[in-house]
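Worksheet: one structure, shown below.
The values are calculated or read from the model by the stated rules, or taken from the named source; none is laboratory data. Values in this document were obtained by computation on a predicted structure and should not be read as measured data. Here the Cβ positions follow ideal geometry from the backbone for every residue, glycine too, while neighbour counts run over all protein chains shown. We work out accessible area using only protein heavy atoms, side chains counted, and drop any ligands, DNA or RNA first. Shrake-Rupley method; radii C 1.70, N 1.55, O 1.52, S 1.80 Å.
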Amino acid sequence: MTIRYPLSLLLSFSLSLCLSISLPSVAQETPGAMLLPESALPEYEANIDHAKLIGQSSNAIFRQGQEIYQSICHNCHGDLSMPGSIPNSLRFGDGVFQHGNDPYTMYQTITRGWRLMIPQVQLVPSEKYAVIQYIREHFLKGNNPDQFFEITESYLSDLPKGASTGPKPVARKQWSEMDYGPFLIGTFQIADKADREAAKDYPKGQADIVRPGANIAYKAIGIQLDSTPGGVSRGNTWIAFEHDTLRVAGAWTGKGFIDWRGINFDGGHVVRPRTVGDPIFETADGPGWANPETSSFEDERFVGVDGRHFGPLPQNWARYEGLHQRDGKIAIAYRVGKTKILESHKLLENGNIARILNVGKSRKDLTLRLADKGAAVRVSGSSKKVKISERDGFVIATIPAKATPLNLAFVFGESKSNFASIELDLSPLTQAGSAQSPNRIESPIIRGTQDGPFQWDSFSIPISNPWNSRMRATGVDFTPDGKAAIVSCWDGDVWRVDGIADETAATTKWQRIATGLFQPLGVKIVDGKIFISCRDQIVELRDLNGDGETDFYKAFNSDHQVSEHFHEFAMGLQTDAKGNFYYAKSARHARPQLVAHHGTLLKVSPDGSNTEILAHGFRAANGVCINPDGTFIVTDQEGHWNPMNRINWITPGNNFYGNMWSYGAPDDSSDSAMEQPLAWVDKQFDRSPSELLWIDSPQWGPLNGKLLNLSYGHGRLEIVPHEFIDGQPQGGLNRLPIPDFPTGTMRGRFHSGNGHLYICGMSAWGTAQMHQAGGFYRIRKTDTPAHLPIELNARKGEIDITFSEAIDSESLQASKQAFVVKTWALKRTASYGSKHYDEKFLDVAGAKLSRNGKTVTLSLPDIEPVWQMSIHYKLKGANGAPVTGEIQNTIHKLR
């Protein structure tokens, strides 16, 4: 039998143990002294078959070890690029073991602890040997071979004998262990047991089937009604308010909030979250309030190709205005016509649920749907003029205009309720309350001292936090004074990070300032106001009392058309000089597109009142770059109709960019019917490009004003030399000489004060960098020349490569050895991706250097327009430094 400890307890235990060990006492220990005595170990440890566990090796075990390293080990021990947050912790990629490098001794160190290495009591034997395998294979074998212990039969035979491999691991479910706060916005299906059982029978790969009558709340604010600590993922009673339709989609009770099936929860594809437990009542999809001008519930929202309605109600009918949070209580603000409504919900002592409404003065009678037909609903006694009846399958209530303004409550449930116990005035909830997340977590800055043209620092993300937040960073911007950064995380948190500009600081301070958002993937600060792009809305975070926390989540723009499909992310957030906002919306994955927003670049007016489609035809558009001339760049990812990743330069006209699964795709699927990208990007070179940005920093010297690509797929940075021929952009990418970061890189911004580049990233689907859940980094340009290609110009018979600094002319003499040029074609079809076609090497007939020593002209007699070209070069700089790399580019035309 083994004891499983809650993560929060383990983190607390780990920290307190580390702090309790003073360095002098450690120095006096004998080399073999362990922190945990054998008598404190579980009984099963005495009967472990170590030889069997060491001998087991597979990709699954390696991945298991990688996940364990990411969540437990990385913070202290770091990775191949960066050291960990504790200076004395061993760097496995280049350090020397002080307590034995053989698997069994490593196991003892993990099990019992040694010096500052605390016992990892939460891991069972198979998990410990999985992370040992990962450390050996990933860090030691290729990078630190002197520390790689060769396992022999003799070694295995000398290990302690046992007959057990220990208890089976208990699967970590970080998504349900996290404290999201009192609410969580998402797409949830209000389900009963029959719904959940039916979903198990869906054909493989078709788990996204929507059965007729399914009650899906596309923009549901899931609210915890009971007082169980731990937020919405805990407790026993919840309600879902759908802010597109302004309806209470349902309330339910039981063990568990939702089943946590989803791309941002358990990583599941082609699935959607369903509620767990028993519904108390439901309200089918449709307007929650009748149009006050017509008293009709006829749905006027956008109609998808499958006949369902999506998006918000027309603004002259209704509009969601935001969410107030005070001391864990929620009040939702919206208007019906011109009438302001404030709504909250309360779980009563007898198990009934009160829907409390503060209705402003109305010139029209108001009618709302309370629940599906048959629900038991009563209205508070002070509201005798409010009539409850049944119509068209719903329980409805009519509020006469002459009765407004009015505070009232509708109570759901069979038991009699004491209406006097319900506080009807919701105005106090619109005021600031006490801080819900007052902890400011101090976290180390790991400053890089790397040789070369770039140095990079890591702002350690506080994975060990009181809320078990997963901290997968997705967006960043700076406060007006430049002293702090606002960082969004995919799981719904937003954090303020103080101390990011002080280059003498050893730590930063992290404060969780917002929670419960729907997959936030972009941050933009405008005039000191914090805007976050989410899947359901652009939300403005308002702090009403200066304690740093969000008291009002203002719905700046909620035009977003959202379906239940897992793939339709809302990526990035930028603004132009006129104050317009921009973000990109992904399409459904190999499914017919339902709504006009699927696969588009979107523009939102400065006041948030209007949304306009600027371009369409994207599959997975990861972010937006605004160019100096007012055009845009949007990346896209390999998939169906995308033979490879592509970087798209967006010009005016709502043009089509290739994905036939996007909304509004033309009937013509030929290549000529789409806009051509600036470059096709091979997945081996960059598995998944994310957001581009222009270098805006004099400190970056000749690179200032050039274009950078961030790589989510490989956690790297790439410069993008390019040109225009007859209005068509073309060019390529070249990797900066920086090792891959431990996460995919998502968003970046240059700091106007110090000129450094700050980037944030995460690890989830589609990236090779899974060493850490999230990351936040600073890249500093040194005085060392970078020798990066900053311009690329193709002509008949030649191609010019202009470097940022001068090249040694002698290194060009053996041009056939200095350059290797290869080309290949792709085929764009309905299939996923494309293999290489017509691969060939081009003869390099010669190379010459410009007078200033920066431009190399390659003579390529066989050069012609091509989908993809690779130029490997091996040169020297004028300073004698080696200059090596690969440019991968696309040529549409030759001058």
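Within the range 773-803, the set of residues being not polar (S, T, N, Q) and not in a strand (DSSP E or B) comprises ALA773, ASP783, PRO785, ALA786, HIS787, LEU788, LYS796, GLY797. Among the residues of the range 295-334, those identified as open to solvent by 30 Å² or more (accessible area, probe 1.4 Å) and outside any loop (DSSP other than H, G, I, E, B) are SER296, PHE302, VAL303, HIS309, ARG319, GLU321, ARG326, LYS329.
Filtering the range 429-464 to residues that are hydrophobic (A, V, I, L, M, F, W, C) and out of contact with any helix residue (DSSP H, G or I) (no Cβ under 9 Å at 6 or more places or on another chain) leaves LEU429, ALA432, ALA435, ILE441, ILE445, ILE446, PHE454, TRP456, PHE459. Scanning the range 502-536 for residues that are of a type in the set (Asp, Glu) and out of contact with any Pro (no Cβ under 9 Å at 6 or more places or on another chain) yields ASP502, GLU503, ASP536.
For the range 744-763, the criterion of being over 18 Å from GLY522 (Cβ atoms), crowded, with 21+ Cβ neighbours inside 10 Å and touching an Asp or Glu at 6+ places or on another chain (Cβ under 6 Å) is met by no residue. Is it the case, given these coordinates, that SER176 is over 23 Å from PRO592 (Cα atoms), touching a strand residue (DSSP E or B) at 6+ places or on another chain (Cβ under 9 Å) and hydroxyl-bearing (Ser, Thr, Tyr)? So SER176 passes the test. Across the range 567-587, a minimum of one residue is classified as assigned to a strand (DSSP E or B) and within 17 Å of GLY322 (Cβ to Cβ).
Looking only at the range 812-827, residues that are modelled with pLDDT under 95 and basic (Lys, Arg) come to 1 in all. Taking the range 187-209 as the range and being at pLDDT below 95 and either surrounded by 24 or more Cβ atoms within 10 Å (Cβ to Cβ) or under 26 Å from the mean Cα position of the chain (by Cα) (or both) as the test, the residues that pass are GLY205, GLN206, ALA207, ASP208, ILE209. Look at GLU349 and say whether it is of a type in the set (Asp, Glu) and in a strand (DSSP E or B). Considered against the rule, which asks whether it is of a type in the set (Asp, Glu) and in a strand (DSSP E or B), GLU349 comes out as no. Set side by side, the residues ALA621, ALA615 differ, and just one is buried (at least 24 other Cβ atoms within 10 Å of the Cβ) and not in a loop (DSSP other than H, G, I, E, B), which is ALA615. Here LYS835, LYS854 are screened, and the one residue that is under 30 Å from GLU675 (Cα atoms), open to solvent by 70 Å² or more (accessible area, probe 1.4 Å) and either of a type outside the set (Phe, Trp, Tyr) or out of contact with any helix residue (DSSP H, G or I) (no Cβ under 7 Å at 6 or more places or on another chain) (or both) is LYS835.
Taking the numbered list (1) crowded, with 24+ Cβ neighbours inside 10 Å; (2) hydrophobic (A, V, I, L, M, F, W, C); (3) farther than 25 Å from PHE750 by Cα in turn, VAL681 passes all entries but (3). Would you be able to say whether some residue in the range 659-675 is part of a strand (DSSP E or B), open to solvent by less than 10 Å² (accessible area, probe 1.4 Å) and touching a Phe, Trp or Tyr at 6+ places or on another chain (Cβ under 7 Å)? No, that holds for no residue. The residues of the range 522-566 that are closer than 18 Å to VAL497 by Cβ and under 19 Å from the mean Cα position of the chain (by Cα), listed by number, are GLY522, VAL523, LYS524, ILE525, ILE530, PHE531, ILE532, LEU541. Within the range 796-808, the residues that satisfy the criterion of being open to solvent by 30 Å² or more (accessible area, probe 1.4 Å) and under 10 Å from SER859 (Cα atoms) are LYS796, GLU798.
Only one of the listed residues (SER383, SER344) is closer than 24 Å to SER434 by Cα, open to solvent by less than 60 Å² (accessible area, probe 1.4 Å) and either modelled with pLDDT under 95 or among the hydroxyl-bearing types (Ser, Thr, Tyr) (or both). That residue is SER344.
Of the numbered criteria (1) surrounded by fewer than 22 Cβ atoms within 10 Å (Cβ to Cβ); (2) part of a loop (DSSP other than H, G, I, E, B); (3) modelled with pLDDT of 95 or more, the one PRO279 fails is (2). If you go through the range 458-488 and keep only what is out of contact with any Pro (no Cβ under 7 Å at 6 or more places or on another chain), of a type outside the set (Phe, Trp, Tyr), outside any loop (DSSP other than H, G, I, E, B) and touching a residue at least 40 places away in the same chain (Cβ under 8 Å), you end up with SER458, ALA473, VAL476, ASP477, ALA485, ILE486, VAL487. Taking the numbered list (1) in contact (Cβ under 8 Å) with a residue 24 or more places away in the chain; (2) open to solvent by 20 Å² or more (accessible area, probe 1.4 Å) in turn, ASP783 passes all entries but (1). All conditions in (1) closer than 18 Å to TYR758 by Cα; (2) open to solvent by less than 30 Å² (accessible area, probe 1.4 Å) hold for ALA514, with the sole exception of (1). Per the listing LYS168, LYS161, the residue uniquely over 25 Å from PRO83 (Cβ atoms), out of contact with any strand residue (DSSP E or B) (no Cβ under 8 Å at 6 or more places or on another chain), in contact (Cβ under 8 Å) with a residue 60 or more places away in the chain and open to solvent by 20 Å² or more (accessible area, probe 1.4 Å) is LYS161.
A quick yes/no check of all residues on (1) over 24 Å from LYS683 (Cβ atoms); (2) part of a loop (DSSP other than H, G, I, E, B):
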| site | (1), (2) |
| --- | --- |
| TRP824 | no, no |
| ALA830 | no, yes |
| THR857 | yes, no |
| LYS893 | yes, yes |
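Taking (1) open to solvent by less than 40 Å² (accessible area, probe 1.4 Å); (2) in contact (Cβ under 8 Å) with a residue 60 or more places away in the chain; (3) not in a loop (DSSP other than H, G, I, E, B) in turn, PRO702 satisfies each apart from (1). Selection of strands (runs of 3 or more DSSP E) fully inside the range 706-761 by the criterion of at least 1 residues being in contact with a Ser or Thr (Cβ under 7 Å, 6 or more places away or on another chain), at negative phi and at pLDDT 95 or above returns 707-711, 716-719, 728-735, 744-750. Among the conditions (1) outside any strand (DSSP E or B); (2) over 23 Å from PRO689 (Cα atoms), the only one that VAL539 does not satisfy is (1).
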